[in-house]
């Protein structure tokens, strides 16, 4: 379909939202709810049609093999569609919506506003070459067995055939000058993607015996690799020499990001003030834990010493699997939260094709997935060809204490339990599809502290408990530094080198990982949400505890947190608190 002018698209969107039949009675809550649900259904259909890879990830396989049209006319049409729905939602009389629909209305409106912000203010299609560098993403077609392999290969072929049009669109859409960190990262992403298609994807399909199909695959795959390599050269020759350091959003846009995405109206300066205070407190907790372990050494040296207590290369997966069972048992013994499925997350080695970018990760099926419903907790092992020094350096990151904290975050009671409760709850499609960054990562980060506060790791003595606390504090310091760097970078002009030093000084990272964290902050200002979401949840728990008094239980609170979709935490305050205005600010 050719470009649709915004006025016509708005008219079509408004009409689509009212296709459900006769006009409802003006004072009917049921009719108001039905009107909103029809509008939401129409929005979701258009949303997924333009983002078919997202749909496949959700488990909606009627979208398999489809690819987004990144042409300027397509982007303009999608932005017009988004703005049309924003106008429609703004025009609804929300006073007639039932409580549940009003909840979903605000989730959807936040999701729409976030998308528009991405187009208009983040410049995702005009200022960020990473958008195109990572677009040919066919991982899901080889890592999840949701259809016969040959059918999935046909989907891969269909997607890769779009590579020439994708990179032609990139050259046409991108501005003449781009932020240098974005260009440098896009070069890395595109190079890595080409390497994945050339090596890992081919290896994953090596045993397919359909010669005709594989001949077509190799031809199309080679073309996609060539397009990616040409894009890398284009970025190096055309964009990198003219790149700039104008990547900061600015205070006004940053504030709108917080308000639109997470319904947070606190000034960035206030959030930074809270973050710096929390950073100081966490550094003190870090030092106190280190002092218990060995008072004769500097805290950072104690931290590095506990990293030597790690599995062998051979025992990494079995030890992680064993400790995960220990974590699950602790959750049950201490009434932390119910686990709605007896099917455990399977601890496996990270697939070869994902190892370049993954340390440990949770791979859960989409909420609508009906076949490939297995859940994997992936841990990346050492490579056989590494030197003894490289193997030792890698395994230090998997020291027993940090690994257990990461396992808590990724699986139990973090992301995996979050997913299980979402699927077991009566969540609507809106609640299953649209999630808050701060809620999703804030919950997982919150569970790390919550589990240790409940005594996890302390059953074998004070020193062992302090080692877990030191590891958990290390994870918290990283996320706190992200919060501070995000605000200082985008609101106060902090430079990349200054941000790198901030990570080195405050979470004790070496220069290279500190630089990578600072670099991420230039294009992912939302990485402050790990800490922001955690702090919101802790404040909500405190307010909920005051409200419930003797009726409070940690399990009841935790389950209320994960049984209501994935909304901005501010909306959960209204669900859990009878009077959400009674307890002041959200932090």
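The values are calculated or read from the model by the stated rules, or taken from the named source; none is laboratory data. All figures in this text were calculated on a predicted structure; none of them were measured in a lab. Cβ coordinates were reconstructed from backbone atoms using ideal geometry, including for glycine residues, and neighbour counts include every protein chain displayed.
Take residue 220 and decide whether it is modelled with pLDDT under 95, part of a helix (DSSP H, G or I) and touching a helix residue (DSSP H, G or I) at 6+ places or on another chain (Cβ under 7 Å). The answer is no for residue 220. Scanning region 273-302 for residues being closer than 20 Å to residue 400 by Cα and within 28 Å of the chain's Cα centre (by Cα) gives a total of 2.
Any residue in region 541-557 that is outside the structural domain of residue 399 (by TED's automatic domain parsing), surrounded by fewer than 23 Cβ atoms within 10 Å (Cβ to Cβ) and within 24 Å of the chain's Cα centre (by Cα)? Scanning region 541-557, I find at least one residue that is outside the structural domain of residue 399 (by TED's automatic domain parsing), surrounded by fewer than 23 Cβ atoms within 10 Å (Cβ to Cβ) and within 24 Å of the chain's Cα centre (by Cα), so the answer is yes. For region 456-493, which positions are part of a loop (DSSP other than H, G, I, E, B) and surrounded by 20 or more Cβ atoms within 10 Å (Cβ to Cβ)? Once the filter is applied, which keeps residues that are part of a loop (DSSP other than H, G, I, E, B) and surrounded by 20 or more Cβ atoms within 10 Å (Cβ to Cβ), region 456-493 yields 456, 457. Scanning region 328-375 for residues being at pLDDT below 95 and over 29 Å from residue 426 (Cβ atoms) gives a total of 13.
Within region 416-448, being part of a helix (DSSP H, G or I) and surrounded by fewer than 20 Cβ atoms within 10 Å (Cβ to Cβ) holds for 423, 424, 429, 432, 440.
Okay, residues lined up against (1) within 26 Å of residue 189 (Cα to Cα); (2) out of contact with any helix residue (DSSP H, G or I) (no Cβ under 7 Å at 6 or more places or on another chain); (3) part of a helix (DSSP H, G or I):
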position: 226; (1), (2), (3): yes, yes, yes
position: 231; (1), (2), (3): yes, no, yes
position: 234; (1), (2), (3): yes, no, yes
position: 241; (1), (2), (3): yes, yes, no
position: 246; (1), (2), (3): yes, yes, no
position: 254; (1), (2), (3): yes, no, yes
position: 259; (1), (2), (3): no, yes, yes
position: 265; (1), (2), (3): no, no, no
position: 269; (1), (2), (3): no, yes, yes
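How about region 132-169: which of its residues are in contact with a strand residue (DSSP E or B) (Cβ under 9 Å, 6 or more places away or on another chain) and either in a helix (DSSP H, G or I) or outside the structural domain of residue 185 (by TED's automatic domain parsing) (or both)? Matches in region 132-169: 143 only. Of all residues in region 197-212, how many are in contact with a helix residue (DSSP H, G or I) (Cβ under 6 Å, 6 or more places away or on another chain) and buried (at least 16 other Cβ atoms within 10 Å of the Cβ)? Total satisfying the criteria: 4. Considering only region 81-93, I want to know if a residue exists there that is over 30 Å from residue 373 (Cα atoms) and part of a loop (DSSP other than H, G, I, E, B). Within region 81-93 (the criterion being over 30 Å from residue 373 (Cα atoms) and part of a loop (DSSP other than H, G, I, E, B)), the answer is yes, since at least one residue qualifies. For region 40-57, a residue qualifies if it is closer than 14 Å to residue 86 by Cβ and either touching a helix residue (DSSP H, G or I) at 6+ places or on another chain (Cβ under 7 Å) or surrounded by fewer than 19 Cβ atoms within 10 Å (Cβ to Cβ) (or both), and the qualifying residues are 40, 42, 43, 46. Hey, could you check region 494-518 for residues that are farther than 25 Å from residue 405 by Cα and touching a residue at least 24 places away in the same chain (Cβ under 8 Å) and say which is surrounded by the most Cβ atoms within 10 Å (Cβ to Cβ)? Ranking the candidates gives 496 first. Evaluation of residue 244 against the conditions (1) closer than 30 Å to residue 528 by Cβ; (2) crowded, with 18+ Cβ neighbours inside 10 Å; (3) touching a strand residue (DSSP E or B) at 6+ places or on another chain (Cβ under 7 Å) shows that the sole unmet condition is (2). Does region 510-526 include one or more residues that are part of a helix (DSSP H, G or I), modelled with pLDDT of 95 or more, closer than 19 Å to residue 110 by Cβ and assigned by TED's automatic domain parsing to the domain that holds residue 427? The answer is yes; a qualifying residue exists.
In the condition set (1) surrounded by 17 or more Cβ atoms within 10 Å (Cβ to Cβ); (2) at pLDDT below 95, residue 80 is compliant with all but (2). Cβ-Cβ contacts under 6 Å between residues 6 or more apart (or on different chains), taken from a first residue in region 175-199 that is more than 20 Å from residue 227 (Cβ to Cβ) to a second residue that is assigned to a helix (DSSP H, G or I), are listed as 181/519; 181/522.
The set of residues in region 284-301 being surrounded by 13 or more Cβ atoms within 10 Å (Cβ to Cβ), assigned to a helix (DSSP H, G or I) and out of contact with any helix residue (DSSP H, G or I) (no Cβ under 7 Å at 6 or more places or on another chain) consists of 288, 291, 300.
For region 98-113, check the following and say yes or no: at least one residue is in the same structural domain as residue 196 (by TED's automatic domain parsing), in a loop (DSSP other than H, G, I, E, B) and either surrounded by fewer than 19 Cβ atoms within 10 Å (Cβ to Cβ) or touching a residue at least 24 places away in the same chain (Cβ under 8 Å) (or both). Checked region 98-113: at least one residue is in the same structural domain as residue 196 (by TED's automatic domain parsing), in a loop (DSSP other than H, G, I, E, B) and either surrounded by fewer than 19 Cβ atoms within 10 Å (Cβ to Cβ) or touching a residue at least 24 places away in the same chain (Cβ under 8 Å) (or both).
Residues that are closer than 29 Å to residue 36 by Cα and without any contact (Cβ under 8 Å) to a residue 40 or more places away in the chain: does region 425-445 have at least one? Within region 425-445 (the criterion being closer than 29 Å to residue 36 by Cα and without any contact (Cβ under 8 Å) to a residue 40 or more places away in the chain), the answer is yes, since at least one residue qualifies.
Looking across region 215-271, the residues that are free of Cβ contacts under 8 Å to residues at least 24 places away in the same chain and over 30 Å from residue 567 (Cβ atoms) come down to 215, 218, 219, 222, 226, 233, 237, 238, 241. If only residues of region 342-390 that are outside any loop (DSSP other than H, G, I, E, B) and without any contact (Cβ under 8 Å) to a residue 24 or more places away in the chain are counted, the one that is surrounded by the most Cβ atoms within 10 Å (Cβ to Cβ) is 390.
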